[in-house]
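Beneath this line is the structure, given in structure tokens, with notes to follow.
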Amino acid sequence: METTNILLAGVGGQGVLLASQIFTSVAIEADLDVKQSEVHGMSQRGGSVTSHVRFGDKVYSPTIDPGEADFLIGFERLETLRNVHCLRPGGTIIYNSMRINPSTVAAGVAEYPDEIAAKIAAFGEKTFQVDGLGLGQEAGNPRSANVVMVGAVSSFLPLPESLWEEKIRELLPPKLVDLNLKAFHLGREAV
Amino acid sequence: MSEKKAILSGNEAIARGVWEAGVRLASAYPGTPSTEILENVKNYKDIYSEWAPNEKVALEVGIGSSIAGARTLVTMKHVGINVAADPLFTFSYTGVNGGLILVSADDPAMHSSQNEQDNRNYGRFAKVPVIEPSDSQECKDFVATALELSEEFDTPVIYRTTTRTSHSKSIVTLGERTEQPGKVELIKDMPKYTMLPVSAKKRHPLVEERIVKLKEYAETTPLNRVEMHDTKIGVITNGISYQYVREALPEASILKLGLTYPLPENKIKEFAGKVDKLMIVEEGDPFFEDQIKVMGVKVDHGKDLFPLLGELSAAFIKAQVSGVATELKDAAVDLPGRPPAFCPGCSHRGIFTILKKLKVFVSGDIGCYTLGALPPMSAMHACVCMGASISMGHGMAKVVENSDDMSQKVVSVIGDSTFFHSGMTSLLNCIYNKSNSVAMILDNRTTGMTGGQENPGSGRTLSGEEAITADIPALVKAFGIKNVVKIDPYNLVDIEEKMKVALASDEMTVVVVEAPCVLRYRISHPPLKVDAEKCTACKRCLTVSCNALSLEEKGDDSFVVIDPNMCAGCGVCAQVCKFDAIGE
């Protein structure tokens, strides 16, 4: 299998890292080589977060270079726009349309850009907007929006549905498994 | 038998590696990107592990453990080695008993650091070997080799990672624990371990001989590996750069150095002789390049193509070698940044709101409160290294003319963990030398910025056992400081009044703020609400820089709203509101 590059982008606290973990676990189970990279530290305080997930027969670099991402998974619309140039020609953007104000916007010293959806659509040939927050709510908790996004992306990957379900069961606390499985399926059917 | 595999970060893999290699003791001070090594080591019950108050102490604890014969791990971020340099340079002379590896987690591109020093230089400076893994499997496997090398050559080993090797995850084949070969017992050997001039003079030549022997070892060790492919381009590389090179130049021949100091001169010359063009791809300083040029080897490309600032990447290497840059779509421009900010409810918010209002010069330190330097707070004016706030503030106050001009008065701000790290000696200096500066110790009972680790004030050890909670006001008083003032960081009037008194005093004042970290200890009060009728949208509350607040504009009407899911009910915004519009 050629290397698949998935770039996840969001805000600290949105569960970007758990989503990455689901991707990497599924890929390992499918006997693929996997690398994942993120930067911890300052991002924990509500800053921008990106996580790079790469899998295929053999993966060297743990990071995805600009213009190389097959998928850009946006967990928030401004963070999606911030990373659109990372997409390869013909790549796919799947993003959660929710808005989280950066501190500069909240403080009134910067403006949250308008018409983000149009700007994002201008970049990607295939763009899918997902109401992550709404579907998460439908699943039982808006915090499961990250797993909604995993579900949405999963429908584009040649990996069996049962494998995703198995890994969600393994990685989430037992109390949250059913809710997140529901979130996963809502996401999978949303695109 | 199927092999056990896991996907591990470099840091998790190092922890696994030291467990497998029979390490008995691990000590560290937290620091990105090294912190998770000890956080994982603590889960292996065969290893005694602890947080030290600073990196110098961590290494000294490690030296003791090594002298007693135990295999030992010490970890820190790159700038931590500066703090631990004193013991390191002389430990190089005494050598080890049980093997010791000192992890230096470097941070090229400064994702979470104040500089991007290249700690391979420490290997050469302290005359100790440097080993560098390039993925998680090597992070684990090289540990055992490093410990064997440490024992065989009687030397500490610097184990250098970078942010991308520390924090990237890749698949690792796991092994089991093997107990260390040597016995743990104290053996008195004064000439080896007591570095008086008389003994140190005998140790230094051994250190020089050791480097010569290590150079021979470097020629044959499997840590240094040649991968011959096409001979048009030959690349000498190390660490994460190796992965980038493999991706960018799949046809190139590679000499991958895992032992990056001292260098294998013959192996390098032999490799250089087999390839048409020799390139050196290394992040950071021209560490290989300078040494290889001194060997008389012709280097076709090094820092001319691969600069020393920041990080490299596969795409960048490919573009530099081919001379053809990939055409990229333009990134979206003029987007508002999303800098990290104080958490809703954070006790630092009120402090910096008042410091900003008082217009004083804030001498800062390293921790979450350093975020007070960023807009819109913009209330920290200097920050250099751990523990420096109080000593720098003292230096400023000694030379600036004493006046009532608030902009010429200095307040030093330091957190609890940083105070324990190296602020205590700075404060002792202040009282000893009759400082009239003001120091604030923001005690939130945790090491916040690195993710909430325990420290001597938090009441727990790394392994979760109950421990002392160091009494900061009592300690400060014991130094001889009379003016020790406690303030409530959630009461802006209290902060302002007490700070004004402190700033008017001719004597040193230490302000202690005791308020546990709301994130670490999950502290929250009922969320506040804005009365839209009373709100005039003056945006005054927005200056406290809280992500729970935002301005809502509905037609002509605009007012501030508070996100109830984020608000921790701390009340700082309510206190700055002039229209009494924020309440429960």
Summed side-chain charge close to B:ASN97 - residues other than B:ASN97 whose Cβ falls under 13 Å, Lys, Arg +1, Asp, Glu -1: 0
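Just the number please: accessible area per residue for the range B:348-514, 1.4 Å probe, all protein chains included, in Å².
Averaged over the residues of the range B:348-514, the accessible area is 40 Å².
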Count the net charge of all other residues whose Cβ sits under 15 Å from the Cβ of B:MET190, scoring Lys and Arg as +1 and Asp and Glu as -1. +4
Counting other C-beta atoms within 10 Å, and keeping those with at most 13, which DSSP coil GluC sites (Glu not before Pro) do you find in the range A:39-119? A:GLU111, A:GLU115
Too long at a 26 Å Cα-Cα cut-off: which of B:LYS45/B:LYS188; A:LYS35/B:LYS277; A:LYS35/B:LYS318? B:LYS45/B:LYS188; A:LYS35/B:LYS277
Looking at chain A, do any whole DSSP H helices span at least 15 angstrom along their long axis by alpha carbon and average 0.0 or above on Kyte-Doolittle, and which? A:16-29
Taking each residue in A:49-62, count the Cβ atoms of any other chain within 10 Å of its Cβ, then average. What number comes out? 4
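Per residue of chain B, what 222 nm ellipticity follows from adding -39500 (n - 2.57) for every DSSP H run with n ≥ 4, rounded to the nearest 500?
Per the formula, -10000 deg cm²/dmol.
Let me confirm one metric for peptide A:105-115, namely the mean number of other chain beta-carbon atoms within 10 Å of its residues' beta-carbons.
6
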Which of A:ALA19, A:ALA69, A:ALA121 fluctuates most in a GNM of chain A (C-alpha springs under 10 Å)? That residue is A:ALA121
On average, how much accessible surface per residue is there in the range B:5-220, in Å², for a 1.4 Å probe, leaving out ligands, DNA and RNA? 35
Pop a pseudo-label 7 angstrom from the Cα along the beta-carbon direction at both B:ALA532 and B:VAL561 and give the gap in nm to one decimal. 0.8
Any GluC sites (Glu not before Pro) in the range B:140-243 that lie in a DSSP loop and have at most 13 other Cβ atoms within 10 Å would be B:GLU176, B:GLU179, B:GLU185
nm² value of the averaged projected area, convex hull over the Cα atoms of the protein assembly as shown: 35.6
Drop in accessible area of at least 20 Å² in the complex versus isolated chain, residues of the range B:157-187, 1.4 Å probe: B:ARG164, B:HIS167, B:SER168, B:LYS169, B:SER170, B:ILE171
Within the range B:334-394, what whole-number % of the accessible surface is contributed by carbon and sulfur, with the 1.4 Å probe and all protein chains included in the calculation? 67
Once amide H atoms are built 1.01 Å from N in the peptide plane, which residues 5 or more positions from B:THR162, or in another chain, come under 5 Å H to H? B:ASP106
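Once you list every other residue whose beta carbon is under 10 Å from the beta carbon of B:TRP19, what net charge do they have if Lys and Arg are +1 and Asp and Glu are -1? If you can, show how the numbers build up before the last one.
Working: positive: B:ARG16, B:LYS45, B:LYS140, B:ARG177; negative: B:GLU20, B:ASP46, B:GLU176.
My count for the surroundings of B:TRP19 gives +1.
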Round to the nearest 0.05 the FRET efficiency obtained for B:ALA6 and B:GLU465 when R0 = 41 Å and r is the Cβ-Cβ distance. 0.90
Under 1.5 on a/c is rounded, so check that first for the range B:74-144, then, if it is not, pick prolate when a/b is larger than b/c and oblate when it is not; a ≥ b ≥ c are the square roots of the alpha carbon gyration tensor eigenvalues. oblate
For the range A:4-190, dividing by residue count, accessible area per residue (probe 1.4 Å) in Å² works out to 36
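Just round it to a whole percent: the fraction of Cα-Cα distances in chain B exceeding 31 Å.
57
With a 1.4 Å probe, how much accessible area is buried between chains A and B, both sides summed, in Å² to the nearest hundred? Intermediate values should be presented prior to the final figure.
Numbers: alone 9250 and 26310 Å², together 31280 Å².
So the buried area, both faces added, is about 4300 Å².
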Suppose a student asked you for the relative contact order of the range B:368-446, using Cα pairs under 8 Å spaced at least 6 residues apart; what percent would you report? 35
DSSP loop trypsin sites (Lys or Arg not before Pro) in the range B:400-463 with at most 16 other Cβ atoms within 10 Å of their Cβ, which ones? B:LYS434
To the nearest 20 debye, what charge dipole does the protein assembly as shown have about its Cα centre, counting +1 at the Cβ of each Lys and Arg and -1 at the Cβ of each Asp and Glu? 1420
Dipole of the range B:5-220, positive end: most advanced residue of B:PRO133, B:THR75, B:ILE187 [Cβ charges, Cα centre]: B:ILE187
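The values are calculated or read from the model by the stated rules, or taken from the named source; none is laboratory data. Model, not experiment: these values are computed from the prediction. With ideal geometry, Cβ positions are generated from the backbone for all residues, glycine too; neighbour counts draw on all protein chains shown. The accessibility values were calculated without ligands, DNA or RNA, using every heavy atom of the protein model including side chains. Shrake-Rupley method; radii C 1.70, N 1.55, O 1.52, S 1.80 Å.
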